[in-house]
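Working notes for the structure below.
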C-alpha cells in the first residue's frame, strides 16, 4: 500500500516515456498540419483566376490565405475542428 502512495506522489521525469510520447504526438500534429496546408495550396493553385477572385483572393495571396494571414479568424477555425 505504501508503494502505491509513493508512486502516485512522484512527478514525471523530464525524460520519461510520457515526454517522448508527447513529443512524438506534437511532431505528428505538425506534420499533419504541414501536409494539410500543402494540399490546400495545391488545390487553390489548381483553380483559375476567376474562381480565386470569387473567393476573394488573388494567386499571389494563396499561401497567405492558407496560413490565415488574410483572415486570422480562419486560422482559429482549424484548431477548433480537431
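The values are calculated or read from the model by the stated rules, or taken from the named source; none is laboratory data. It should be emphasised that the depicted structure is a prediction, and the values quoted were computed from it without experimental measurement. Glycine gets a Cβ as well: all are built from the backbone with ideal geometry, and neighbour counts include every protein chain shown.
Here are the numbers:
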| item | result |
| --- | --- |
| Residue pairs meeting the criteria (Cβ under 6 Å; at least 6 apart or on separate chains; first at pLDDT below 65, in the range 59-82; second surrounded by 12 or more Cβ atoms within 10 Å (Cβ to Cβ) and not in a helix (DSSP H, G or I)) | 74/68; 75/68 |
| Verdict on residue 38 being loosely packed, with under 10 Cβ neighbours inside 10 Å, part of a helix (DSSP H, G or I) and modelled with pLDDT of 90 or more | no |
